[in-house]
Every structure is written in C-alpha cells, then in structure tokens.
Amino acid sequence: MIVFKDVVKSYNGVIAVDKLNLTIEQGELCILLGLSGCGKSTSLNMVNKLIEADSGSIYINGKNINEFKDEDLRRNIGYAVQSTALFPHMTVSQNISIVPKLLKWKKEKIQSRVEELLELVGLDVKSYMGKYPNQLSGGEAQRVGVARALAADPEILLMDEPFGALDPINRANIQNEFLRLQEKLHKTIIFVTHDMGEAMKMGDKIALMGKGKLLSYGTPKQLLMEDVNSFVKDFMGADSYINMLERYLVKEYVLPDNSNKVLPTISEKSSLKEGFSTMINHSVDKLQVVDQSGKVLGVLRVDAILNILNEEYVRNEKIS
Amino acid sequence: MKRYRKYIPVLILLLLFVFLVFNLNDMEPLIYEFFDIHLGNVGSYDIPKLTEQFLVVAFLSCFMSLVIGLSIGIFCLTDLGKEFLPVIDKLSMLMRSFPEIAMLRFVIPLLGLGVWPAVIALTVYGVLPIIYSTISGVNNINADILKVAEGMGMSKWQIVKNIQIPLATPVIISALRVSLISCIGGATLATSTGAEGLGVLLGAGQSTYNVVLIMEAAVLICLLSLATDKCLRILERKFTFN
C-alpha cells in the first residue's frame, strides 16, 4: 500500500505537486492521468525518492520512505520509463539482472530468473538473451524494460508512460500482455499516462491530476459518471464511453452462430472497442468471432455492446 | 574469416614497419645507389636502437596522458571537481595554443636533458584531449539512462563504474587516438631535449642535406602513426553500441 500525505513539491517557486493525498491499495494498478506538466511524473518519482518532496510524506506499507536508505528503497521498487533506457552496452540478460546483482543474488538464481522473466514477457529465451538493445524493436525493448523492472520481484512497480513510444498495434498487444501478467502477479503499480484510452483500459483506479492537484480519484467507471468537475468531463472527452469498451473482451460476449451468412471476422482476443469499430467500418450489426487458428467460435452482436452500456452505465440513459 | 578482415590493414602496416626497422640499415647502400647524392662519408645510425628510443618516448608519454587525463577528467565530474572545471577548461585551452617544440625547449631549464623531460613535455600536451573527452563523453550520456540507473538503486560509484565509464569509453578511445598521434608527432621533436629517437635521423639529414636519412625516418614514423590510428579505430568501434 502506498500513501501520499499532503505531499508538496515546487520548482523555483512554481508548484508542481500541491498537497497531494492519495492512497493506493495493495495489488492495485493506479493510473496517474493528466496533461503534461500536471505533476504526475513528479509524483511518481517522489515514491522512489528520485525527487525529494518539499513537505508532506509518503508511506509504503505504513512506513515512511525516509526511514529506508535510498538504495534499499529503490532496489525494492521496479522502475520502467518511456524511452526504456536499456543500457546500450549490456546484453538483454545483463540488463535484466542488474537489480538482482545489486541485491547480491547467487549466479544460478539470477540466470534462472532471467530465463523465467523473458518467458513471462513473451520473448524467446535463447535468441534474446545475448542480444544488445540496439538489435531490438521498440516493442521488444519495452518488454525487456518491463522484465527488468520485475527482475527482483518487487512488490511495487513505478511505470512512467512505459508504452508511450510504441505504435498503436504493438501498444495494444503489450498492454494486453501486461494486464494478463498483472492478473497473475498482483503488483501494486503506479502507472503514469496522458492517454485516456490507456487509462480506461488498464486502470483499476484512475487518479486524474491537473496543475499539481488531485482532481478526481476512483475506478474508471466512477470517473466516467462523474459530473461534478467540468475539467474531468472535458478531459474524459466525448469518446470516453467508447474507450470504456476497451475493458471488455470479445470472447466473453460470443453467441452461438446459426446462420451461414458471410460476415467480417474479429479475433476473440480483441476488445469490444475494436469489435465496435469493425462493425462501423463494415456497417454491419454482427461479426464472426474466430480464434487464433481461424476457427469460427460464434458471432458478436451489437446488442451485447448496447446492453453493457445500458446496464453498467445507467446514468447515460437519464441524460439522453 | 570475414570477422578478421578488418585487422588485415593493421597487420600489413605493422609488418612493414618491423621489416623496415630491422632491414633499413642493410638496405642503405642500395638506396644510396638509387639516390645518387655524392656526400662523401655518411654517418651510420643504428635504426632499431633509435626506433626503440622513439617508441619509449611516444608510448610512455601517451600512457601518462591517459592516466593523468582520466583522473583529472573524472575528478572534474565529482562535486568537488565541478568548481575547478572552468579553470581546467581555460588552462587546457591555453596550453593547446603553446607550440609543441616550445614546450619541449621550455622543460630543459627546469628538468635538464634526457628522456623524462621529453616525456613530461609531451604528456602536458597529450593530456588535454583526454580530459576534454572524458568530461564530454560522460556529460553526453542520455539523462534517462542515468535516471533509470539511479532509480534501480545503483549507488553513485556504481553508476560511474557500470554506466558512465563504459558509455564514455568510445569517446575516450577516440581522444586517446588523437593524443597518441600527437605524442608520436611530438616524439620526433624529442631529440631537442636529448631523448634521441628517430628525430636524430631527421636532424642529421637536415643538417647534411641527406634526403635518404630524412626519408627513412619519415617513412617509419608515418607507418607507425597509420598503424596506431587504425588499431585504435578498431578498438573504438568495438566499444560503440549505438
């Protein structure tokens, strides 16, 4: 559990973080969302003391972070950034084993951990272990970056726009994989992004920040329904409901198929947002759902999507 | 086989250099037949011996430049050294505008004659590019990389040792190349402090209008410069990862 209590940070008199109070529960993925310069990265970097807070305190599992030695604190917190910042003179396996080495793990243990992690992030162990970062594509490098952050199995992960530099397709893939990972690992994660869609898709909770202040904090659904703060509404934008559909997977809404009509197809692993877009593209109201090998599983109807919006987001009806 | 192809030019240059060092003396009568310059008696010089003296001066001064330059460079990057950075910067700029031959003559009244005065004069000269490149090589490392290294829990010294020095290595090697070439060039002038070396051939050739002696020295020095330049370029590429 991470608790921010009245945290203030200013640079040359300009306030970057203004009396931030925020509690992030164990095992939760908390998104810090906001425009650039809103203080979200500053808040993130204060957790591992890369930036020192002016006043206020941060507690990890009830213990003030100032009670830890800087190095010890950081070695027990995973850290990943947008540019991946893999060390260019080290191989993939050396990059991943940095923190375990700092923690003085045994050689064999490090080796097996590296292999385990590469498998976890979906990279072939044998061919990737000896590669240098300049031989990796953007997506691969980011996977290694995630593996490196997870290396010493830290309880807490800090991720500063980790998937920001990727193209949309790679990005969606790595987001899905990361969510799958998180289901298994249950890390406490602070995840900074300015991308609404990403926030809606990934966050257990979203903390919306503006000008250093916490404007709103809650589950994506709560944030979506909020109408108190007009900034929140503006920021969420008109496409926020569509972004919400990112959270639902096609495979959970497949109905048995009894017609033999030829329909556009969609993979069972896609989100309902992609499903909905495909429907609009082809101007149809149902899609054929296929698995990876191309086997037909059934159909996805537009009713399923409307039902979700009706049932889960009742307020929408009241407004219209 | 392909992996070793880049070493071939270096190998050829070095072999040629070694061959000439040990055979030029025997080849001299032949060369004089070709360059028919009637000089009467020509003094004979022991080329292997002169080359040895030359190499000692050149490499010793380069080695000292590297050690001293790296220490000063790293010192300038510490918190204490940052205060000295402008002074060292200006001073080294000033030193560089000092002609090499003047530097060599300058040390004679202070240190007398011999090998060491020459080495020290050349070190003062060769140390500058290494100080510069150590500082700029370390300062130009991507800020994100340093932030992540710190964020992962490396101590200051671990960052210097594991990240900053390895990443600055290519720049430092490139400066080492400049420094070594300058030391080799400077070592030809080292005769003036009594360090002898191949400069003796040049001096003797000049004062007796003997083209052959000058040529012998010039060819050897050229070959050595080219070979070391090539060697260090290969080394530089080995440490570059981007």
ask   = Got at least one residue in segment A:60-79 being assigned by TED's automatic domain parsing to the domain that holds A:L223, aromatic (F, W, Y) and under 19 Å from the mean Cα position of the chain (by Cα)?
value = yes
key: Residue among B:L146, B:L128 that alone is away from chain A (no Cβ under 14 Å), under 24 Å from B:I88 (Cβ atoms) and assigned to a helix (DSSP H, G or I)   = B:L128
query = Would segment A:200-209 turn up any residue that is assigned by TED's automatic domain parsing to the domain that holds A:H186, of a type in the set (V, I, T) and not in a loop (DSSP other than H, G, I, E, B)?
reply = yes
task = Assess whether B:V160 counts as being part of a helix (DSSP H, G or I) and modelled with pLDDT under 90.
result = yes
request  = Could you tell me whether A:G78 is within 12 Å of chain B (Cβ to nearest Cβ), of a type outside the set (S, T, Y), surrounded by 21 or more Cβ atoms within 10 Å (Cβ to Cβ) and touching a strand residue (DSSP E or B) at 6+ places or on another chain (Cβ under 8 Å)?
outcome  = yes
ask   = If you scan segment B:149-160, which residues turn out to be at the interface with chain A (Cβ under 7 Å from one of its Cβ atoms), open to solvent by less than 50 Å² (accessible area, probe 1.4 Å) and of a type outside the set (A, V, I, L, M, F, W, C)?
value = B:G151, B:G153, B:S155
query = From the list B:A204, B:A217, B:A175, B:A149, which one is touching a residue at least 12 places away in the same chain (Cβ under 8 Å), small (G, A, S) and under 23 Å from B:R96 (Cβ atoms)?
reply = B:A175
message = Among the residues that make up segment B:8-30, is at least one of them exposed (fewer than 15 other Cβ atoms within 10 Å of the Cβ) and touching a residue at least 60 places away in the same chain (Cβ under 8 Å)?
response = yes
note = Residue count, segment A:121-133, condition away from chain B (no Cβ under 14 Å), open to solvent by 20 Å² or more (accessible area, probe 1.4 Å) and over 14 Å from A:Q175 (Cα atoms), comes to 6
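Conditions tested, residue by residue: (1) on the phi > 0 side of the Ramachandran plot; (2) more than 14 Å from chain A (Cβ to nearest Cβ).
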site: B:L202; (1), (2): no, yes
site: B:Y209; (1), (2): yes, yes
site: B:K230; (1), (2): no, yes
site: B:F239; (1), (2): no, no
key: Residue that is surrounded by the fewest Cβ atoms within 10 Å (Cβ to Cβ), among those in segment A:20-55 that are away from chain B (no Cβ under 14 Å) and farther than 24 Å from A:M196 by Cα   = A:S55
key: Complete set of residues in segment A:134-152 that are within 14 Å of chain B (Cβ to nearest Cβ) and open to solvent by 30 Å² or more (accessible area, probe 1.4 Å)   = A:N134, A:Q135
task = Can you confirm whether segment A:16-29 contains a residue that is modelled with pLDDT under 90, in a loop (DSSP other than H, G, I, E, B) and either among the polar types (S, T, N, Q) or not assigned by TED's automatic domain parsing to the domain that holds A:M202 (or both)?
result = no
query = Within the set of pairs 6+ apart or on separate chains, which have a first residue in segment A:35-60 that is basic (K, R), a second that is open to solvent by 20 Å² or more (accessible area, probe 1.4 Å), and C-beta atoms under 9 Å apart?
reply = A:K40/A:H194; A:K49/A:N66; A:K49/A:F68; A:K49/A:D70
request  = Select from segment B:108-122 the residues that are assigned to a helix (DSSP H, G or I) and either within 13 Å of another protein chain (Cβ to nearest Cβ) or open to solvent by 10 Å² or more (accessible area, probe 1.4 Å) (or both) and list them in ascending order.
outcome  = B:I108, B:P109, B:L110, B:L111, B:V115, B:W116, B:I120
request  = Specify the residue that is farthest from the chain's Cα centre (by Cα); the eligible residues are those in segment A:270-283 that are surrounded by fewer than 14 Cβ atoms within 10 Å (Cβ to Cβ) and not polar (S, T, N, Q).
outcome  = A:H282
task = Give the number of residues within segment B:168-200 that are assigned to a helix (DSSP H, G or I) and more than 12 Å from the chain's Cα centre (by Cα).
result = 12
query = Which condition breaks for A:N243 when tested against (1) at pLDDT 85 or above; (2) touching a helix residue (DSSP H, G or I) at 6+ places or on another chain (Cβ under 9 Å)?
reply = (1)
request  = Would you mention how many residues in segment A:98-120 are within 14 Å of chain B (Cβ to nearest Cβ), at negative phi and open to solvent by 30 Å² or more (accessible area, probe 1.4 Å)?
outcome  = 3
request  = Return the residue satisfying two criteria in turn: it lies in segment A:155-180 and is open to solvent by less than 10 Å² (accessible area, probe 1.4 Å) and within 14 Å of another protein chain (Cβ to nearest Cβ), and of such residues it is modelled with the lowest pLDDT.
outcome  = A:P162
ask   = Only one of (1) over 16 Å from the mean Cα position of the chain (by Cα); (2) in a helix (DSSP H, G or I); (3) not small (G, A, S) fails for A:L44. Which number is that?
value = (1)
Verdict on A:I58 being at pLDDT 90 or above and away from chain B (no Cβ under 13 Å) = yes
message = Please pick out the residue among B:G137, B:G73, B:G151, B:G81 that is touching a strand residue (DSSP E or B) at 6+ places or on another chain (Cβ under 7 Å) and farther than 30 Å from B:G194 by Cα.
response = B:G151
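The values are calculated or read from the model by the stated rules, or taken from the named source; none is laboratory data. Only a predicted model underlies this, so the values are computations on that prediction, with no experimental measurement involved. In this analysis, Cβ positions are derived from the backbone assuming ideal geometry, glycine residues included, and neighbour counts consider all displayed protein chains. Heads up: the accessible areas ignore ligands, DNA and RNA and are worked out on the full protein's heavy atoms, side chains in. Shrake-Rupley method; radii C 1.70, N 1.55, O 1.52, S 1.80 Å.
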